[in-house]
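Engineer: Sharing a structure with you now.
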Amino acid sequence: MSHWDSEVAKSQTNYPGHYPSLKFDPEYLWFNPSSIVAQLSSEFGSNISALCAFYRFYYWRTWQRQPLRALEKVERQFSIYYFPKCPAYTPMKIWPLTDVYERAITSLDSEHYRKIAQSLPAFADFLQRTKSLAQNAPTTKQPRLLREALSDLAASYLPLAFLMLILSAIIFWRQSCWQHLRWLAVLVLFDCAYNAASCLEVAIVNSLEVYRYITVQMYATLLTQLLALWLILEFALDITSRWRRTARDGLPLS
């Protein structure tokens with residue numbers, strides 16, 4: 001077993017429930033002081049460009065040697081955002097913050113940041129308050145009404161996206177009938193494509209199970225859903241209006 005395989009096995013042992021889609025914990029590899037990333041940083045020293053060159057080489061070597069497994073990983077990560085529920089919304093009754101502050105300390109407690117803290121009292125105070133919160137962070141509670149709303153939004157994203165794509169195809173196919181809805185369809189498609197591109201980028205280089213990479217898309221996701229709902233309502237109202245005119249005038253529906 002290689003040293004890398006050994007580190008992956010250690011991450012599985014220490015954090016068996018983290019990142020089930022990857023089957024290992026990248027946070028352990030990146031932040032744990034005894035992990036391979038810390039060892040590589042120590043070996044390369046202050047030569048950041050050489051360390052980045054090593055990571056790039058290893059990354060492209062993975063795609064060259066095992067392209068199918070890399071594509072399977074991207075597909076598996078990409079599906080996290082769309083199926084079965086969109087994780088941009090997190091309906092949790094209790095939201096623990098201790099782990100978040102602990103990871104922040106791990107990121108900030110490096111030699112580089114410690115040097116900054118010595119000459120910048122505001123940063124030193126920020127670091128001290130972060131360490132205090134990591135020990136006794138307050139627990140955040142979501143009201144039941146908010147949790148239900150978030151659950152509905154998470155479950156409805158994929159159906160709304162499918163319906164929006166179908167309606168957009170109809171609108172562009174019958175442009176003479178739906179000319180006035182083209183601008184709204186273009187706007188919804190742009191937002192949907194933005195979310196997909198953001199997910200694809202993270203799926204390629206990391207994991208969508210990392211909350212900070214996907215929760216930042218909440219506002220864009222909510223905007224897409226609201227615009228999709230607007231498009232659906234406008235389409236339904238237009239169809240209803242056409243049916244009423246047809247029934248009143250006895251004309252065929254065009």
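Engineer: Name the single residue that is surrounded by the fewest Cβ atoms within 10 Å (Cβ to Cβ) among those in region 12-37 being part of a helix (DSSP H, G or I), out of contact with any Leu (no Cβ under 9 Å at 6 or more places or on another chain) and not hydroxyl-bearing (S, T, Y).
Structural biologist: N14
Engineer: Would a scan of region 172-180 turn up a residue that is within 30 Å of E72 (Cβ to Cβ), open to solvent by 20 Å² or more (accessible area, probe 1.4 Å) and not small (G, A, S)?
Structural biologist: no
Engineer: Looking at the structure I just gave you, is P138 in a loop (DSSP other than H, G, I, E, B) and without any contact (Cβ under 8 Å) to a residue 60 or more places away in the chain?
Structural biologist: Taking the combined requirement at face value, the residue satisfies it.
Engineer: Same structure again: Are there helices (runs of 4 or more DSSP H) fully within region 40-126 with at least 1 residues that are open to solvent by less than 70 Å² (accessible area, probe 1.4 Å) and charged (D, E, K, R)? List them.
Structural biologist: Answer list for region 40-126: 67-82.
Engineer: Looking at the structure I just gave you, is S156 among the hydroxyl-bearing types (S, T, Y), part of a helix (DSSP H, G or I) and either farther than 30 Å from W30 by Cβ or open to solvent by 80 Å² or more (accessible area, probe 1.4 Å) (or both)?
Structural biologist: yes
Engineer: Still on this model: May I ask you to list the residues in region 207-228 that are open to solvent by less than 80 Å² (accessible area, probe 1.4 Å) and either basic (K, R) or not in a loop (DSSP other than H, G, I, E, B) (or both)?
Structural biologist: Y213, I214, T215, M218, A220, T221, L222, T224, Q225, L227, A228
The values are calculated or read from the model by the stated rules, or taken from the named source; none is laboratory data. On a predicted model such as this, the values are computed, not experimentally measured, just so you know. Positions of Cβ are backbone-derived with ideal geometry, glycine not excepted, and every protein chain shown enters the neighbour counts. The area values use the complete protein model at the heavy-atom level, side chains included, leaving out ligands, DNA and RNA. Shrake-Rupley method; radii C 1.70, N 1.55, O 1.52, S 1.80 Å.
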